[in-house]
Protein chains: 4
Amino acid sequence: MIRAAIVGGSGYTGGELARLLLGHPEVELAQVTSRANQGSYLYQVHPNLRRRSELKFVAPDQMERCDVLFLALPHGEAQRAIGHWAGLAEYIVDLSADFRLADAGLYAQWYGKSHAAPEWLERFVYGLPELNRSQLAGTKYAAGVGCNATAAILALLPLVAADLIEPGERIIVEVKVGSSEAGASGNSGSLHAERSGVVRTFSAFGHRHTAEVIQAFGLDNLSLTMSAVDLVRGALATAHVKLRTSVDQKALWRAYRQTAVENPFIRIVKEGRGIHRAPEPKILAGSNYADIGFEFDPASGYALAICAIDNLMKGAAGSAVQAMNLMLGLDEALGLDFPGLHPI
Amino acid sequence: MIRAAIVGGSGYTGGELARLLLGHPEVELAQVTSRANQGSYLYQVHPNLRRRSELKFVAPDQMERCDVLFLALPHGEAQRAIGHWAGLAEYIVDLSADFRLADAGLYAQWYGKSHAAPEWLERFVYGLPELNRSQLAGTKYAAGVGCNATAAILALLPLVAADLIEPGERIIVEVKVGSSEAGASGNSGSLHAERSGVVRTFSAFGHRHTAEVIQAFGLDNLSLTMSAVDLVRGALATAHVKLRTSVDQKALWRAYRQTAVENPFIRIVKEGRGIHRAPEPKILAGSNYADIGFEFDPASGYALAICAIDNLMKGAAGSAVQAMNLMLGLDEALGLDFPGLHPI
Amino acid sequence: MIRAAIVGGSGYTGGELARLLLGHPEVELAQVTSRANQGSYLYQVHPNLRRRSELKFVAPDQMERCDVLFLALPHGEAQRAIGHWAGLAEYIVDLSADFRLADAGLYAQWYGKSHAAPEWLERFVYGLPELNRSQLAGTKYAAGVGCNATAAILALLPLVAADLIEPGERIIVEVKVGSSEAGASGNSGSLHAERSGVVRTFSAFGHRHTAEVIQAFGLDNLSLTMSAVDLVRGALATAHVKLRTSVDQKALWRAYRQTAVENPFIRIVKEGRGIHRAPEPKILAGSNYADIGFEFDPASGYALAICAIDNLMKGAAGSAVQAMNLMLGLDEALGLDFPGLHPI
Amino acid sequence: MIRAAIVGGSGYTGGELARLLLGHPEVELAQVTSRANQGSYLYQVHPNLRRRSELKFVAPDQMERCDVLFLALPHGEAQRAIGHWAGLAEYIVDLSADFRLADAGLYAQWYGKSHAAPEWLERFVYGLPELNRSQLAGTKYAAGVGCNATAAILALLPLVAADLIEPGERIIVEVKVGSSEAGASGNSGSLHAERSGVVRTFSAFGHRHTAEVIQAFGLDNLSLTMSAVDLVRGALATAHVKLRTSVDQKALWRAYRQTAVENPFIRIVKEGRGIHRAPEPKILAGSNYADIGFEFDPASGYALAICAIDNLMKGAAGSAVQAMNLMLGLDEALGLDFPGLHPI
C-alpha cells in the first residue's frame, strides 16, 4: 500500500481528502495533522468518518515520512516550508494557491506579494488532469486547483480545444458558489442567518482565480465574477462567449463530445425535457464529475458554456486525488467512484 | 376611500396585492376573485392575512364595479376579456405579460402568437414608475412589469440615463431568481427536493422579458440569462457593460446618485466593509425597494451594474401599487412603507 | 413624540427594535448605541434601514436622557449597570435574561451565579402582554421575554387558562428554532456550511428558558427540548400534554377562542385542508403574531398544543414594543402592524 | 453475478436502489421499470447516474426473470400483484407499506382497508436488520421499512433491548423529516416556495408508521408526531422516555455500546464539545448509517433518545439492500460503503 498523509486536515478540503484516501483501494492514510485539533479523533471534526477511522490528528511536527503528502494549509504557508515537506515525501500535492501559477511575476501581480520559494514554481504541475494529464503522469509535485478557476476552465475547455472562440471579444464568466468555499472558519458573512437565501456578488473583477484561467488558455480579455448563493457544496460557471462565425450546433456538439471522450470525469448534460436539462452542482456533492453543457444563439453568435462541479471535489480534493493517481501511475479514477446523489 | 378589487387573487402576486391594499391608507379592498378557491377565506390561501381580513374569494363573474381593478391572471387571459374588465372599473392595472409590449408585432415575435386585443396595447403604460412616472400620472391603464425585466432595467437605468454605455458592444445580463417566480402552481422542477440548493440556468437566450428591456432602452445587443437559485423571493441582476472610454468612477457615482434622487424606491448599496456591500435581494422580501450598485474595472472599461429586488414587490405587486398611486394622483409611496427585514 | 433609545443596537434584536421604533407613529428613535460600530450608520449594520434613517451608532457613554430606554445587551450586562440606565429614562425595557425571573434564588439556580442587582428584580414585570397585560400597564420596568419560553408559554396558555391539564403528568415541549436565535456573532456551529439543512437537538434538558415557563405557570414537571432547524427567523413549540379526562374537542375550541379573543396578536390556526393547516413560523417573519393550534387524541387523552412565533418579534423586539405601548398607555398594537409575508 | 431488478424505478427510493445496485460488487442491475418514463435513460430521471449506466426504463410487463426483485411501487400496488412478481424472482424485497405489518387486522386498522393478499403477510420478514437479522438470513421475502418508523425504532432500540424503559408511561417521539419523504411527485405543500424554511407539524397523532413501532416493541402507549423541516434527505427522531428508577448513565452507555457492537451501521454520537455532539441527519445523506445518542436527566428520570438517518437509505433503499445481502448470505455491508459527506 502507498502511504499518504495530510498536512492541515481539519479544514473542509482536508476532510474530503481524508474521506477519499480512506476509501482508496491502493492507499493507506497514515497521518493527518492539525494544530487546533491535535489529539482529537478525525471523526470529531469530520463526523462522517466515525466508524471509518480511529486516526487522531497529530501536530505538524509529528509528521513522519510517507510516500505522498497532501498539503491543505492556508494560502501562503506551504511556500514558506516547501523544502521541509519535500524532505518527508517523494510526491507532494499542494492544495493551496501557492504553486498554481508557474510564473513568479504573475503570482506577485495577483497575490500582492512576492513568492517565498519562486524556484519551486516550475517544479509544480497545475493539477487539473483535464488540462495536464500527461504532465501529471511525469511529475512529483502537483498544485491543487482553484475551485472557481476549475469551473471556468472546464466550461471553456471544449470551446478552446476546438478553437471555436472568436479572438478579441470579451468573455464574461459568472460563477455561483456555495458556502463551503469560505472554509471551515468562515467570516461574519458566513453565518447562517446572513448567508441563508443569499445572492451576493462579492467579486466583480480581479478575483485571484482569474489568473489560473489566463494561465490555462491565454485568454486575458475575461471577467470572472463571483456570486455566493444558498448552497453548501458546489460551483456553477456560466461563460458568455462570442464564437467564430463559422461555428454551428454541430461543431459545438463535436467539440463537447470530444472533451467528454477524452476525460472520464466530464459529462455532457444537455436534455430537451425533464428537470435536469443543464449542469447543476447540487447532484455532484461528493462526486468528482464536472458536468458541462452549452446553449447557442445563432442570431448573435454567442454561446453560453456551462460547467458545474463540487468545489471540494473536482475543485479541490477530487482533482488532487485524481492527480495523485496519475503521478503514481494508477488508474486515474481510483477511489473516486461515488456518483453523487439524487435527490439532495 | 378608493375601492379596489383583484381578479385572480389566489396566486402569489394576487396575495401580495391583497396584503398591500389591505394596508393602504386610501384604499379599501372590496373583492378578490379566485375560481379554484371561491368561498374560502383569503387567509386560508394567504395565511399571513389571518385576522387582517374576513374577505372570501368570489367567482370572477361576481365581480362588481369598483374604482381600480388589478388583474392577476395567467398570461394570455386578460387580453381576451379586457373590454369586460374595463367596463367594471375606471382604472386597470394588469399584472400579466399581456399589455407590457406596446407593439403587437413585438408581442407576436416574443410570445409566439398574435395578440387578441392589439387595439388596447397603446392605451396601456408600462407600469415601472422609474421609467414612466409622468405617463403613469396621466393614464387609466397600466401594465404590470416583468420581474426579471425590472431587475435588468433598473440595473441599467443609471448608465442609460447618463448615456455612459459604449454603443455596439454586447451587454450580458445574468438574473438569479427565487422560486416564487414560478408561481403558486409550480412544476415538477419546483418541488423542494429538486429545487432546494439549486443553481439551475434555465434560460440562456431568448427569455421573454428580454423584450421589455429592449423596449425600455432600445438596447437589443443583449443577453438576458436566467438561473434559479435557492431563495423564495428575490431577483438579482448583474449586467456586464462596456462603458464609453471617457467614463470614470466619479461619472458613475454621479449617475447613480441622480437615479436615487429621482426615485424614492431606489437605494444605492456600495459599501467598502461589513457584510452588506452590494445589493442583495434577501433583505428586500416584502419591500418595494430596488437596491442598485456597481463595480468598475478601469483597465477593461467594463462595469458590473447590479440590481436586487423582491420579484413579487418591485417586480410585480409593489410596482403595481406604486403605479396605481401615480394614476390616482396619490403620493407614490403610499402603502409601500415596509422596509424589509434583517436578518432573514 | 416619545423619545426612545436603544442600548446595544447592532445585534439582531437591536436591529428589530430600531425597525419597529422608526415605524412607530408615537415614538421617535433618538439614539442607538454600539461599542463595535460607533460612527457607522445604522443601515451599514441593518441594511433594511437604508433610506429610512440617517442615525449613526454612538458609544454607550454618549447616551442622553430619553423617555424609554431599551437595553439589548448580552446577558449579564444590564444587571451590572441598571442603576445607571434607570437614571437616564423613566421607562426601561430590558431584553436580556437579567430581569425575567422575579426570584433571585431561581436566577442563581438556572444561570449559575448570583444576581448582581437582586433588589431590582421585583420592580420588573415579565414583559409578555398575554400573561401580564394589566401589570405592564402599571410598571416603569419590563423584562423582555425569552423566545423559546414565549413559544412554550403561548402554546400552553389556552390549556392553563382553562384549567384543562391533568396535574402530575409530564409535559414534553419541543421547540425548533432558527439561526437568528444564536445572535449576530454566532459560533462555529452557526456557519452556513454547518447549519444549513441541520436538525440538531442541542439542549435536551435544563435549557434556561425552562425557568420562565415554570415561573409563568408553576408547571415544573416539564421538559423543554431544543432543536435547531434550517430557518433564520422563527420558533415552533409543540407541547405534548395529558388533559383532564373530562376534556373534549369542544372544551378545547372554547379555550383557544377565549385566548384569541383576549389577545390581539394571538391567532388560531387549525384548518382541515390546504397547505397551512397548523401554525408555522415562516410566515410570521417580521410579524408580532403568535399562531397557536392544537390536535387532540381522545383515545389517549393527550393533546398536542402548537405555537409558532418569530423569535425576534413576539419572542423579543415585538413583545418589547407591545409592552412599551402598554406601559405608556398607548394602543398595544401600535407600530406592530406588519402582517408577515406569503410566500417566504 | 446476482441479477437484480427494480419495479417502479423513477421515484426517489427507486433511484437510490439503482445507485446502490449499480455499485454493488456482487450484483448486476438487469432491469428497471417505469410506466411514466419507459424508453428514457435512467440518468434522465436520476441525473447522478449519468455515465454510470446506459439502462433505459422498461414497461412493467417487460420485466424478465431475475434473482432478486425490488418493488418500489406506490403503497397498495404490490399486494394486488404479489403472486405475479413472486413468479419472476426467488427473492422479493417490497419497499412499500404493503407487507410491513404481519397482522392483517393491524393493517386494516392503520391503513383503513382490508389487505388484498393477507396470506402473504406472514411470509414477509420486516426488513430492518437491526431488529430481524437472523430472520432475514432465512427468508425469501422482506418488507422494506417505513422511514419514520425506522428512526423511532432505532432511537428506542438500545433502551428496549436492555429493558430500561419504565412500563406504563407515555413515550413521546417527535420525528423531523426532509422533503424527499413526500416522494418525487409531491403535493402543493411540497413546492419550494411553500416548503423552504418550513417547520410544519403535519401529523400529531395516528401516523401510520406508528403501527410499525408498536409491532416492533409492543409499546403502544406512544405518540409519533411528525414535523416537516427544511432538508431534502433525513429524519431525526427524538424519543422522550421515562426510565426505570434503577437506570443511571453507566447503564445507558452499556446499552448503547451493546447495540453499536451488534450492528455495523449503528454509530453512537455523544460528544462533549465541537459542532457535532449529537446525531444529525444532514451528514448521513447517501449513507446507510443510523446515528444514535441520548441525554439523561436524573432528576426526572427521563431520557431523550435520538436517532438520525437518511430516510432514503437506512429508512428505505439502504436497509433494503442490507436485507438483500442477508437474504443472499452475503456480507450485510456490501455495496453500502459510502460514509456520507462533511460539510453538506
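The values are calculated or read from the model by the stated rules, or taken from the named source; none is laboratory data. Just so we're clear, the structure is a prediction, and the values are computed from it rather than from any experiment. Heads up, the Cβs are rebuilt from the backbone with ideal geometry, glycines too, and the neighbour counts pull from every protein chain shown. Each accessible area value is taken on the protein alone, full model and side chains, heavy atoms only, with ligands, DNA and RNA left out. Shrake-Rupley method; radii C 1.70, N 1.55, O 1.52, S 1.80 Å.
If you take the residues of region B:132-141 that are outside any loop (DSSP other than H, G, I, E, B) and in contact with a helix residue (DSSP H, G or I) (Cβ under 6 Å, 6 or more places away or on another chain), which of them is farthest from B:Y289 (Cα to Cα)? Write out each step before concluding.
To start, the set of residues in region B:132-141 that are outside any loop (DSSP other than H, G, I, E, B) comprises B:132-136, B:141.
Cutting the leftovers down to in contact with a helix residue (DSSP H, G or I) (Cβ under 6 Å, 6 or more places away or on another chain) gives us B:136, B:141.
On the way: B:L136: 19, B:Y141: 23 Å.
Per the stated criteria, the residue is B:Y141.
Quick check: is even one residue across region A:187-198 open to solvent by less than 40 Å² (accessible area, probe 1.4 Å), touching a His at 6+ places or on another chain (Cβ under 6 Å) and charged (D, E, K, R)?
Yes: one or more hits.
For the subset of region D:162-182 comprising residues that are in a loop (DSSP other than H, G, I, E, B) and either in contact with a Gly (Cβ under 6 Å, 6 or more places away or on another chain) or open to solvent by 50 Å² or more (accessible area, probe 1.4 Å) (or both), which member is nearest to D:L243 (Cα to Cα)?
D:E166
Looking at C:R133, C:R123, which one is of a type in the set (K, R) and within 19 Å of the chain's Cα centre (by Cα)?
Exactly one of C:R133, C:R123 is of a type in the set (K, R) and within 19 Å of the chain's Cα centre (by Cα), namely C:R133.
Has region C:296-317 got at least one residue that is at pLDDT 95 or above, open to solvent by 10 Å² or more (accessible area, probe 1.4 Å), of a type in the set (A, V, I, L, M) and more than 19 Å from C:A333 (Cα to Cα)?
yes
Hey, B:Y12 hits all of (1) within 14 Å of chain C (Cβ to nearest Cβ); (2) in contact with a strand residue (DSSP E or B) (Cβ under 9 Å, 6 or more places away or on another chain) but one; which does it fall short on?
Single failed check for B:Y12: (2).
When the residues of region D:203-230 are filtered to those that are outside any strand (DSSP E or B), open to solvent by less than 20 Å² (accessible area, probe 1.4 Å) and out of contact with any Ser or Thr (no Cβ under 7 Å at 6 or more places or on another chain), which remaining residue is farthest from the other protein chains (Cβ to nearest Cβ)?
Restricting to residues being outside any strand (DSSP E or B), open to solvent by less than 20 Å² (accessible area, probe 1.4 Å) and out of contact with any Ser or Thr (no Cβ under 7 Å at 6 or more places or on another chain), the top hit is D:E212.
Could you check how many residues of region A:54-99 are over 22 Å from A:A18 (Cβ atoms) and not in a helix (DSSP H, G or I)?
Looking only at that region, the number is 2.
Just to be sure, is C:G11 under 26 Å from C:G234 (Cβ atoms) and open to solvent by 10 Å² or more (accessible area, probe 1.4 Å)?
In short, yes.
So which residues in region C:297-308 are of a type outside the set (G, A, S), more than 8 Å from chain D (Cβ to nearest Cβ) and in contact with a strand residue (DSSP E or B) (Cβ under 8 Å, 6 or more places away or on another chain), if there are any at all?
First pass over region C:297-308, keeping only residues of a type outside the set (G, A, S): C:297-298, C:302, C:304, C:306-307.
Filter once more, keeping what is more than 8 Å from chain D (Cβ to nearest Cβ): C:298, C:307.
Within region C:297-308, just C:C307 meets the criteria.
Exactly one condition in (1) more than 9 Å from chain C (Cβ to nearest Cβ); (2) part of a helix (DSSP H, G or I) is false for B:Y43; which is it?
(1)
Could we say that A:R233 is basic (K, R) and either at pLDDT below 95 or surrounded by fewer than 22 Cβ atoms within 10 Å (Cβ to Cβ) (or both) here?
No, not satisfied.
Assess whether C:F338 counts as being among the hydrophobic types (A, V, I, L, M, F, W, C), touching a residue at least 12 places away in the same chain (Cβ under 8 Å), in contact with a Phe, Trp or Tyr (Cβ under 8 Å, 6 or more places away or on another chain) and more than 8 Å from every other protein chain (Cβ to nearest Cβ).
No; evaluated as a whole, the condition is false for this residue.
Taking the conditions exactly as written (away from every other protein chain (no Cβ under 13 Å), among the charged types (D, E, K, R) and over 23 Å from D:R170 (Cα atoms)), does D:K270 satisfy them or not?
No: the conditions fail for D:K270.
Can you go through D:L29, D:L21 and tell me which one is in a helix (DSSP H, G or I), more than 10 Å from every other protein chain (Cβ to nearest Cβ) and either under 20 Å from D:Y91 (Cβ atoms) or modelled with pLDDT of 95 or more (or both)?
Details: D:L29 fails: in a helix (DSSP H, G or I).
Testing whether each residue is in a helix (DSSP H, G or I), more than 10 Å from every other protein chain (Cβ to nearest Cβ) and either under 20 Å from D:Y91 (Cβ atoms) or modelled with pLDDT of 95 or more (or both) leaves just D:L21.
I need a count of the residues in region B:54-72 that are surrounded by fewer than 22 Cβ atoms within 10 Å (Cβ to Cβ), in contact (Cβ under 8 Å) with a residue 60 or more places away in the chain and hydrophobic (A, V, I, L, M, F, W, C).
Going through region B:54-72 one residue at a time, the tally reaches 1.
Taking the conditions exactly as written (hydroxyl-bearing (S, T, Y) and within 21 Å of the chain's Cα centre (by Cα)), does C:S287 satisfy them or not?
Yes; evaluated as a whole, the condition is true for this residue.
Quick check: is even one residue across region B:1-11 modelled with pLDDT under 95 and not β-branched (V, I, T)?
yes
Name the single residue, out of those in region B:40-53 being open to solvent by 50 Å² or more (accessible area, probe 1.4 Å) and touching a residue at least 12 places away in the same chain (Cβ under 8 Å), that is nearest to the chain's Cα centre (by Cα).
B:R52
Among B:R233, B:R200, which is the only one that is touching a residue at least 24 places away in the same chain (Cβ under 8 Å) and more than 7 Å from chain A (Cβ to nearest Cβ)?
Values: B:R200 fails: more than 7 Å from chain A (Cβ to nearest Cβ).
Exactly one residue qualifies, and that residue is B:R233.
Working carefully through the options B:I283, B:I344, find the one that is more than 21 Å from B:V213 (Cα to Cα), in a helix (DSSP H, G or I) and within 14 Å of chain A (Cβ to nearest Cβ).
Numbers: B:I344 fails: in a helix (DSSP H, G or I).
Unique residue meeting the criteria: B:I283.
Filter region C:18-39 down to the residues that are over 27 Å from B:I266 (Cβ atoms) and either open to solvent by less than 40 Å² (accessible area, probe 1.4 Å) or among the aromatic types (F, W, Y) (or both) and list them by number. Working first, answer last.
Pass one, region C:18-39, residues over 27 Å from B:I266 (Cβ atoms): C:26-27, C:30-31, C:33-36, C:38.
The answer is C:V27, C:A30, C:Q31, C:T33, C:S34.
Within region B:108-129, take every residue that is touching a residue at least 40 places away in the same chain (Cβ under 8 Å) and in a helix (DSSP H, G or I) and give me the one that is most open to solvent (accessible area, probe 1.4 Å).
B:Q109
Which residue pairs have Cβ atoms closer than 8 Å, lie 6 or more positions apart in sequence or on different chains, and pair a first residue in region B:267-284 that is open to solvent by 40 Å² or more (accessible area, probe 1.4 Å) with a second residue that is of a type in the set (F, W, Y) and part of a strand (DSSP E or B)?
So the pair list comes out as B:K270/B:F294; B:R277/A:F202.
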